[in-house]
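J.: My structure is below; once you've seen it, I'll send some questions.
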Amino acid sequence: MAGRSGLTPLPGSTAGCGKPHVRWCGTANALLSFDSISYKDRFIPEALVPYTVNGQLWGLPAGAAGGFVVFTNRALLDKVGLNIPSTYEELKAVGEALRAKGLSAFTHPGKVIYMWPVWFFTTFAQTSGNRPIERTIEILSGKGKFTDPDFVEGLDLVFQFSRDKLFSPGVFGLDFANAQSEFQTGKACFYLFHDSIAKGLHEAEGEQLKLDFMLMPNLVKKPVISQYPGGPGLVMAMPARIDPARKELALRLIDFLSSDDVNRESMQINGGAVPVNANVPPSDLPFYQKEKTEISKMVTYLDWFYPPEITTALQEGLQSGLAGRITAEALAKNLQALLERLANGGYHFAG
């Protein structure tokens, strides 16, 4: 999710303008555009979308693209004699069958507050009619509101998982290691988490764990595509005020670092789901090869668009709502009031 790029500073490059910062830096004319490069087709389209703002490409991806799919333990589904659910009703039935055996449908590192928004990003993709980014931009630019029905419904769907007891009973006390342990040891059937842990889980397979993944079942009782939040892991960018004497060298270095050979080497060393370079194959892990076929359903994390105050309020509000302390309607009103205060103080959505 939102954070630094992780790149070592390059000659004339910007390591600090990480994923969400590309939007802010680019629209502030602090970066050079990559629109004129001749090798855009080197990358999968999904890896360029997050760095394209107002029709301009402000950064280039590196490494792997991927996101939060629903890890699935087929051994537990076999245990209760059910198939991978395709609707919320089927998912709820799986949860009830598991609970009867002292098991859980979903585990989650609920103690880590910044992990909760991925649930909303997943539900809002459906309630918005597969327009989560467009609707987010409308809301942040004042053409819509957080109190609009599709946004409220997305919030309430997350809370519905809690109301229907689909989470582990002690979910708010789980950190990353505890949540992964619940999934890995067969105590929970599903785990909405980043695909970067797939290799370790695959190596832990046994009688209690048969690893697979699904995308979230249809939650809205109308035709939608199940999408999942994600994006490229790294970004390379160049400052607008680069020393002219270094510009050509920086462009050549970025060309080299974004080449197929370097991307292939990076994938071998660092792993990851889907290489950002179109001609570099994913690893031979079946999990990642399957995800490659679903990469068109990946949607950029919505908190790459939010001002930080909204991100924090959403994190806190989701955790409170899942604990039953606030309704979706009340949380939406809080977010809208916060956005209006920010706007009155000078906030303006950039791009």
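J.: If you average 1/r over all unlike Cα pairs in the range 215-311 and invert the result, what Kirkwood radius do you get in angstrom?
T.: Taking the inverse mean of 1/r over all distinct Cα pairs, the range 215-311 comes out at 16.5 Å.
J.: Turning to a different aspect of this structure: Of the heavy-atom accessible surface of the chain (probe 1.4 angstrom), what whole percent is carbon and sulfur?
T.: 51 percent
J.: Something else about it: Under 5 Å between amide H atoms, partner at least 5 residues away or on a different chain: which partners does Phe167 have, H built in plane at 1.01 Å?
T.: Phe106
J.: Mind ranking Thr122, Thr327 by accessible surface for me, highest first, 1.4 Å probe?
T.: Highest to lowest solvent-accessible surface, that is Thr327, Thr122.
J.: Could you tell me the accessible area of His348 in Å² (1.4 Å probe, neighbours in place), rounded to the nearest ten?
T.: Surface accessible to solvent at His348 totals approximately 150 Å².
J.: So, one more: By what distance, in whole Å, do the Cα atoms of the range 172-238 stretch along each of the three principal axes, largest value first?
T.: 43, 42, 26 Å, listed from the longest principal axis down.
J.: A further question follows. Evaluate E = 1/(1 + (r/R0)^6) for Asp212 and Arg241, where r is the Cβ-Cβ distance and R0 equals 35 Å; express this FRET efficiency to the nearest 0.05.
T.: Efficiency, rounded to the nearest 0.05: 0.10.
J.: Then there's this: Report the Cα-based extents of the range 255-351 along its three principal axes, largest first, to the nearest Å.
T.: 49, 34, 22
J.: Over the chain, give the accessible area per residue in Å² for a 1.4 Å probe, as an integer.
T.: With the other protein chains kept in place, the chain gives 43 Å² per residue.
J.: Roughly how many debye, to the nearest 20, is the charge dipole of the range 271-340 about its Cα centre, given +1 on each Lys and Arg Cβ, -1 on each Asp and Glu Cβ, and no other charges?
T.: Its charge dipole is roughly 180 debye.
J.: Next question. Would you mind working out the magnitude of the charge dipole of the range 15-146 relative to its Cα centre, with +1 at each Lys and Arg C-beta and -1 at each Asp and Glu C-beta, to the nearest 20 Debye?
T.: Using Cβ point charges on Lys, Arg, Asp and Glu, the range 15-146 gives about 300 debye.
J.: Farthest toward the dipole's positive end in the range 35-97, which of Leu77, Ile37, Leu91, given Cβ charges of +1 (Lys, Arg) and -1 (Asp, Glu) about the Cα centre?
T.: The Cα lying farthest towards the positive end belongs to Ile37.
J.: Tell me whether the range 141-289 comes out rounded, prolate or oblate; compute the Cα gyration tensor, take square roots of the eigenvalues as a ≥ b ≥ c, and use a/c under 1.5 as the rounded threshold.
T.: In terms of gyration-tensor shape, oblate.
J.: Across the Cα atoms of the range 88-202, what radius of gyration and what greatest pairwise Cα-Cα distance (Dmax) are found, in Å?
T.: 15.7, 49
J.: Given contacts defined as C-alpha pairs under 8 Å and at least six residues apart, what's the relative contact order of the chain, whole-number percent?
T.: In percent, rounded to a whole number, it is 31.
J.: So how strong a dipole does the chain carry about its Cα centre when Lys and Arg Cβ are +1 and Asp and Glu Cβ are -1, to the nearest 20 debye?
T.: With only Lys, Arg, Asp and Glu charged at Cβ, the dipole is about 400 debye.
J.: Next question. Obtain the nm distance between the two label points defined at Lys145 and Lys101 by a simple spin-label model: each point lies 7 Å from its Cα along the Cα-to-C-beta direction.
T.: 4.7 nm
J.: Here is a follow-up. What order do Cys189, Cys25 take when sorted by accessible area (1.4 Å probe), most exposed first?
T.: The ordering from most to least exposed comes out as Cys25, Cys189.
J.: Additional query: Taking 0.36 nm per residue of separation and subtracting the Cα-Cα distance, what length does fully extending Tyr39 through Arg341 add?
T.: 104.4 nm
J.: So how far apart, in nm, are the two label points at His348 and Lys290 if each is 7 Å from Cα heading toward Cβ?
T.: Modelled inter-label distance: 4.8 nm.
J.: Where does each of Lys292, Lys247, Lys165 land when they are ordered by accessible area, with a 1.4 Å probe and the largest first?
T.: Listed by decreasing accessible area, they come as Lys165, Lys247, Lys292.
J.: Roughly what would the spin-label model give for Asp255 and Ile225, points 7 Å off Cα along C-beta, in nm?
T.: Roughly 3.4 nm, to one decimal.
J.: Now, a different point. Compute the distance from the alpha-carbon center of the range 124-161 to that of the range 218-256, in whole Å.
T.: The distance from the Cα centre of the range 124-161 to that of the range 218-256 comes to 24 Å.
J.: Something else about it: Report the relative contact order of the range 224-325, percent, no decimals, based on alpha-carbon pairs under 8 angstrom and at least 6 residues apart. Could you put the intermediate results ahead of the total?
T.: Numbers: 61 pairs, mean separation 33.2, N = 102.
Computed value for the range 224-325: 33 percent relative contact order.
J.: Beyond 29 Å, what share of the Cα-Cα pairs of the chain remains, rounded to the nearest whole percent?
T.: The answer is 42 percent, as a whole percent.
The values are calculated or read from the model by the stated rules, or taken from the named source; none is laboratory data. Owing to the predicted nature of the structure, the values given are computational and were not obtained by experimental measurement. Please note: Cβ atoms are built from the backbone with ideal geometry, for glycine as well, and neighbour counts cover all protein chains shown. In case anyone asks, the SASA skips ligands and DNA or RNA and just uses the protein heavy atoms, side chains included. Shrake-Rupley method; radii C 1.70, N 1.55, O 1.52, S 1.80 Å.
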